[in-house]
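Participant: Quick one: structure below, then a few questions.
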Protein chains: 2
Amino acid sequence: MKNEIVKPSILPGFMELLPADQIQFNKLADTIRKTYESYGFMPIDTPVIEKSEILLAKGGGETEKQIYRFSKGSTDLSLRFDLTVPLARYVAQNYSSLTFPFRRYQIGKVYRGERNQKGRFREFYQCDIDIVGNNNLNILNDAEIPSIIYSVFNNLGFQDFTIKINNRKLLNGFFEALEIQDVAGVLRVIDKIDKIGVLNATQELLSCGLSNEITKKIFEFINISGSNQEILLLLKNLDISNTNFKVGVDEISTVTKYVKEFGVPDDNFKIDLKITRGLDYYTGTVYETFLNEYPSIGSVCSGGRYDNLAEYYTKQKLPGVGISIGLTRLFYQLDEAGFFKNYNDKSITKVLVIPLGNNIDYGISIANFLRDKKVITEIYLEDAKLVKKLGYADKLAIPFVILIGDKEAEDKTVTIKNMVSGEQTTVDFNGAYEIVVT
Amino acid sequence: MKNEIVKPSILPGFMELLPADQIQFNKLADTIRKTYESYGFMPIDTPVIEKSEILLAKGGGETEKQIYRFSKGSTDLSLRFDLTVPLARYVAQNYSSLTFPFRRYQIGKVYRGERNQKGRFREFYQCDIDIVGNNNLNILNDAEIPSIIYSVFNNLGFQDFTIKINNRKLLNGFFEALEIQDVAGVLRVIDKIDKIGVLNATQELLSCGLSNEITKKIFEFINISGSNQEILLLLKNLDISNTNFKVGVDEISTVTKYVKEFGVPDDNFKIDLKITRGLDYYTGTVYETFLNEYPSIGSVCSGGRYDNLAEYYTKQKLPGVGISIGLTRLFYQLDEAGFFKNYNDKSITKVLVIPLGNNIDYGISIANFLRDKKVITEIYLEDAKLVKKLGYADKLAIPFVILIGDKEAEDKTVTIKNMVSGEQTTVDFNGAYEIVVT
């Protein structure tokens, strides 16, 4: 048969991994999932394709430009660009079937037709949790979230990371007290200070119509530093009578107190008044998380409190708090930084059984024996020279090889080789099992 | 804020589950994944969107009509409609980085714009494994596949199921011996005998240009029955000298012998000469799997051997053997048949901690204690009456509730309630842990 060969390739901006890397990626995803589940979050799995009128109900902004939108028949379809809009639709649609507070996690791919650049992906995994209340949701939920972030990154093997929090009521109240009109504009500038630098930020604030004096006050405020307790004390002592500000201070104080109760060490949790989360739907607590050994990655887990999740789909008031981890980008950046280099377990498979000569049957029996005992075991079934068979185990980083020759078959033994140390010994089935699991 | 409310809904033909059902769905998916991994299959995760020229390289037929195809900028894109074409592209693209035989699994969503009807989905999960050889692949791999199917359905909780196999060389050889021209047409008719009935099938065969006599011979052949050994004996004794036929008989004999070695009980494995797998790329062994208690579901796991996986993307010859489980449809059909009714564990969460009065801190400490010991624990943080808090646990089917009142906080105890039996007892932290895990 003669076919035209189409050169095999994937689209730019899409991540696709070789199996050894995919194994590492899946470990991260599994750890995140298990941690989310350990706090009582339930899985949902919304469609990747939704009606455009649903996904674009809010409309406006970058979203619409980046969305993958198309028609099938007479239907206007889009690929989801995040997991929050589908959650809002889901909760509104299933309102009467759900139990509130509704705690859900979703780990899935989302799509954004971004400009193609290194480290930016058009298809990427988000790992989200949200707690959605019916009419109201206790502020204590805002304090539990950092403990979940802490567990996730701890379980992923990190120690040196900082969960930074702030509160939008606090910021808004402060700006209101300064009689600033364009609060959203100011928030946007603060959000990118670390990127653009103080000088450019000052320039931008001045061009928002702010005076020198106000700009100076803003910088003084957002740079308030010290221990969490010191910052809280300073905030309380600021002579600001704005109600939003006072509520914000109360909220961040409560959250800070309970974050400690929930078991987050002081070293991993920091009030930072520069954190704003540009997205306009946050209304209270906001979070960002930084891996201190990898500062260039930026925030690896962000989120916050919102007043009303699903206002475009229902008249029910559904306040919530949630976070998202952009796993594809996180994996990419960690990999670039060499994080996975020290990972030894690049194989899921523990044992490769290699039958020599005519001993397939006997090889199958040891493979069945080990698999029954939950040892992940593969059997090499091809005709090949021993060196090629061993090379296969080596390339796939399978830690143990079991060799079956005539002698072993006759004696009901196996020869087991540790592929890392090179050690080799002949034992019975149980002996092989013991070596593999210890 | 006043928004236009968009009625929340999803597209027809898309499955979306409530959390309790999603938990069951994920258990099936996890079991399939773990079983695939236990045989040494490695994960890959190809993009949902690919270049249309890649996905449609083979072209023709139903595929092109059903595909979700669209443009973004000047790029012609499509959503994958199966996991086999992306595998072919993946193996061709990464040929020099992969180790052969390449054993991969992929569990992911695929898209087909099918006519909307009950039980048919436009977005659905496929769970695939394939073993791809470089130039050649031992027939023993064809014998291992049924043992993996057996383990999957056994691990999913089924006993009464039948893995049926046949061999396309055997069929093709038989038809060649009868000097039938339109082999593909005949295969298509046989493939649907169970659907259309023998009478209609006869009619269709006659209208393929076959004589009465030939048609009769075909029916005699495909209806050969008995034990696997009896069928093999009958096949060997048929006086057919066609080479394809002879190779087919050899292959199915070898596969049958080794399937037994691989541990599949006789009851679960049956040669059935009516199995053809309409798809034209199979060239040897073919499989279908039936749950005998749910005959209306049809085959729940199908696949087979192919000579050349990636002929549209590379000149390398890559023979392989694989299977696919259509998980979304399987879940839907099992659910319709009441399969999940008897499932008790509708909750991932094991314990709900309910602090009463002012005992949040103490409540958090028991939650932290249990979670450290790997017990999935949630804490109820809202202000509500006790009956509402208990109702929350009840609705979510959480099996244990821990109540924390002033007395418990003072005595450093907890009151633990079994939500199924109603039993309630007051114990210390360790006592609660013991109750939960036993």
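The values are calculated or read from the model by the stated rules, or taken from the named source; none is laboratory data. All of these numbers come straight from a predicted model, not from anything done at the bench. Note that each Cβ is placed from the backbone with ideal geometry, even for glycine, and that neighbours are counted across all protein chains shown.
Participant: Which of (1) closer than 30 Å to B:Phe102 by Cα; (2) buried (at least 19 other Cβ atoms within 10 Å of the Cβ) does B:Thr377 not meet, given it meets every other one?
Facilitator: For B:Thr377, the exception is condition (1).
Participant: Check segment B:161-168 and report whether any residue there is surrounded by fewer than 24 Cβ atoms within 10 Å (Cβ to Cβ), on the phi > 0 side of the Ramachandran plot, touching a residue at least 12 places away in the same chain (Cβ under 8 Å) and within 21 Å of the chain's Cα centre (by Cα).
Facilitator: No, segment B:161-168 contains no residue that is surrounded by fewer than 24 Cβ atoms within 10 Å (Cβ to Cβ), on the phi > 0 side of the Ramachandran plot, touching a residue at least 12 places away in the same chain (Cβ under 8 Å) and within 21 Å of the chain's Cα centre (by Cα).
Participant: Please give the helices (runs of 4 or more DSSP H) falling wholly within segment B:93-197 in which 1 or more residues are in contact with a Cys (Cβ under 9 Å, 6 or more places away or on another chain) and more than 21 Å from B:Thr254 (Cβ to Cβ).
Facilitator: Numbers: elements: B:140-155, B:168-177, B:183-191.
It comes to B:140-155, B:183-191.
Participant: Would you say B:Val186 is at pLDDT below 95, of a type in the set (A, V, I, L, M) and touching a helix residue (DSSP H, G or I) at 6+ places or on another chain (Cβ under 9 Å)? Let's see the steps before the verdict.
Facilitator: Numbers: at pLDDT below 95: yes; of a type in the set (A, V, I, L, M): yes; touching a helix residue (DSSP H, G or I) at 6+ places or on another chain (Cβ under 9 Å): yes.
For B:Val186, the condition - at pLDDT below 95, of a type in the set (A, V, I, L, M) and touching a helix residue (DSSP H, G or I) at 6+ places or on another chain (Cβ under 9 Å) - is met.
Participant: Right, here's the next one. Which condition breaks for A:Tyr392 when tested against (1) at pLDDT 95 or above; (2) touching a helix residue (DSSP H, G or I) at 6+ places or on another chain (Cβ under 9 Å); (3) among the hydroxyl-bearing types (Ser, Thr, Tyr); (4) under 22 Å from A:Met419 (Cα atoms)?
Facilitator: Here A:Tyr392 clears every test but (2).
Participant: Return yes when B:Ile222 is assigned by TED's automatic domain parsing to the domain that holds B:Phe269 and in contact with a Pro (Cβ under 8 Å, 6 or more places away or on another chain) and no when it is not. Don't jump to the end; show me each part of the working.
Facilitator: Details: assigned by TED's automatic domain parsing to the domain that holds B:Phe269: yes; in contact with a Pro (Cβ under 8 Å, 6 or more places away or on another chain): no.
In short, no.
Participant: Specify which of the listed residues (B:Ile107, B:Ile163) is more than 14 Å from chain A (Cβ to nearest Cβ) and of a type in the set (Val, Ile, Thr). Explain how you work it out, then say what you get.
Facilitator: Working: B:Ile107 fails: more than 14 Å from chain A (Cβ to nearest Cβ).
When all the criteria are applied, what remains is B:Ile163.
Participant: Restricting to segment B:382-418, give me the number of residues that are among the hydrophobic types (A, V, I, L, M, F, W, C), more than 14 Å from chain A (Cβ to nearest Cβ) and in contact with a strand residue (DSSP E or B) (Cβ under 6 Å, 6 or more places away or on another chain).
Facilitator: Residues flagged as among the hydrophobic types (A, V, I, L, M, F, W, C), more than 14 Å from chain A (Cβ to nearest Cβ) and in contact with a strand residue (DSSP E or B) (Cβ under 6 Å, 6 or more places away or on another chain) within segment B:382-418 amount to 3.
Participant: Let me ask something additional. Inside segment B:342-373, can you point out the residues that are among the basic types (Lys, Arg) and facing chain A (nearest Cβ under 8 Å)?
Facilitator: Start the filter on segment B:342-373 by keeping residues that are among the basic types (Lys, Arg), which leaves B:346, B:350, B:371, B:373.
Residue satisfying the conditions is B:Arg371 alone.
Participant: Against the condition touching a helix residue (DSSP H, G or I) at 6+ places or on another chain (Cβ under 8 Å) and more than 7 Å from chain A (Cβ to nearest Cβ), how does B:Lys7 come out, does it pass? First the steps, then the outcome.
Facilitator: Numbers: touching a helix residue (DSSP H, G or I) at 6+ places or on another chain (Cβ under 8 Å): no; more than 7 Å from chain A (Cβ to nearest Cβ): yes.
No, not satisfied.
Participant: Taking A:Ile44 as the residue in question, decide whether it is at the interface with another protein chain (Cβ under 7 Å from one of its Cβ atoms), over 17 Å from the mean Cα position of the chain (by Cα) and surrounded by 20 or more Cβ atoms within 10 Å (Cβ to Cβ).
Facilitator: On the way: at the interface with another protein chain (Cβ under 7 Å from one of its Cβ atoms): yes; over 17 Å from the mean Cα position of the chain (by Cα): no; surrounded by 20 or more Cβ atoms within 10 Å (Cβ to Cβ): yes.
Spelling it out, it is not the case that A:Ile44 is at the interface with another protein chain (Cβ under 7 Å from one of its Cβ atoms), over 17 Å from the mean Cα position of the chain (by Cα) and surrounded by 20 or more Cβ atoms within 10 Å (Cβ to Cβ).
Participant: Tell me which residues, restricted to segment A:179-197, are more than 18 Å from A:Asn167 (Cα to Cα) and of a type in the set (Lys, Arg).
Facilitator: The answer is A:Lys195, and nothing else.
Participant: Checking the structure you have, find out if any residue of segment B:233-254 is within 31 Å of the chain's Cα centre (by Cα), polar (S, T, N, Q) and either at pLDDT below 95 or more than 12 Å from B:Leu171 (Cβ to Cβ) (or both).
Facilitator: Within segment B:233-254, one or more residues are within 31 Å of the chain's Cα centre (by Cα), polar (S, T, N, Q) and either at pLDDT below 95 or more than 12 Å from B:Leu171 (Cβ to Cβ) (or both).
Participant: Just to be sure, is A:Leu83 within 11 Å of another protein chain (Cβ to nearest Cβ) and either buried (at least 21 other Cβ atoms within 10 Å of the Cβ) or touching a helix residue (DSSP H, G or I) at 6+ places or on another chain (Cβ under 7 Å) (or both)? It would help to see each step written out before you state the result.
Facilitator: Details: within 11 Å of another protein chain (Cβ to nearest Cβ): no; either buried (at least 21 other Cβ atoms within 10 Å of the Cβ) or touching a helix residue (DSSP H, G or I) at 6+ places or on another chain (Cβ under 7 Å) (or both): yes.
Against the criterion (within 11 Å of another protein chain (Cβ to nearest Cβ) and either buried (at least 21 other Cβ atoms within 10 Å of the Cβ) or touching a helix residue (DSSP H, G or I) at 6+ places or on another chain (Cβ under 7 Å) (or both)), A:Leu83 does not qualify.
Participant: Which of the following residues is over 21 Å from B:Gly13 (Cβ atoms), more than 17 Å from the chain's Cα centre (by Cα) and not charged (D, E, K, R): A:Phe25, A:Phe14?
Facilitator: Values: A:Phe25 fails: more than 17 Å from the chain's Cα centre (by Cα).
Result of the check over A:Phe25, A:Phe14: A:Phe14.
Participant: Shifting gears a bit: Out of B:Ile32, B:Ile54, I need the residue that is in a helix (DSSP H, G or I), buried (at least 20 other Cβ atoms within 10 Å of the Cβ) and at the interface with chain A (Cβ under 7 Å from one of its Cβ atoms). Which one?
Facilitator: Working: B:Ile32 fails: at the interface with chain A (Cβ under 7 Å from one of its Cβ atoms).
Selected residue: B:Ile54, the only one of B:Ile32, B:Ile54 that is in a helix (DSSP H, G or I), buried (at least 20 other Cβ atoms within 10 Å of the Cβ) and at the interface with chain A (Cβ under 7 Å from one of its Cβ atoms).
Participant: Please tell me if A:Asp21 is part of a loop (DSSP other than H, G, I, E, B), of a type in the set (D, E, K, R) and touching a residue at least 40 places away in the same chain (Cβ under 8 Å).
Facilitator: On the way: part of a loop (DSSP other than H, G, I, E, B): no; of a type in the set (D, E, K, R): yes; touching a residue at least 40 places away in the same chain (Cβ under 8 Å): yes.
No, not satisfied.
Participant: Here is a further query. Out of (1) surrounded by fewer than 17 Cβ atoms within 10 Å (Cβ to Cβ); (2) facing chain A (nearest Cβ under 7 Å); (3) without any contact (Cβ under 8 Å) to a residue 12 or more places away in the chain, the odd one out for B:Gly59 is which?
Facilitator: B:Gly59 satisfies every listed condition except (2).
Yes/no per residue for (1) surrounded by fewer than 19 Cβ atoms within 10 Å (Cβ to Cβ); (2) farther than 24 Å from B:Ile32 by Cα; (3) not hydroxyl-bearing (Ser, Thr, Tyr):
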| position | (1), (2), (3) |
| --- | --- |
| B:Glu64 | yes, yes, yes |
| B:Gly73 | yes, yes, yes |
| B:Ala92 | no, yes, yes |
| B:Glu114 | yes, yes, yes |
| B:Ile129 | no, no, yes |
| B:Gly133 | no, no, yes |
| B:Leu140 | no, no, yes |
| B:Ala143 | no, no, yes |
| B:Pro146 | no, no, yes |
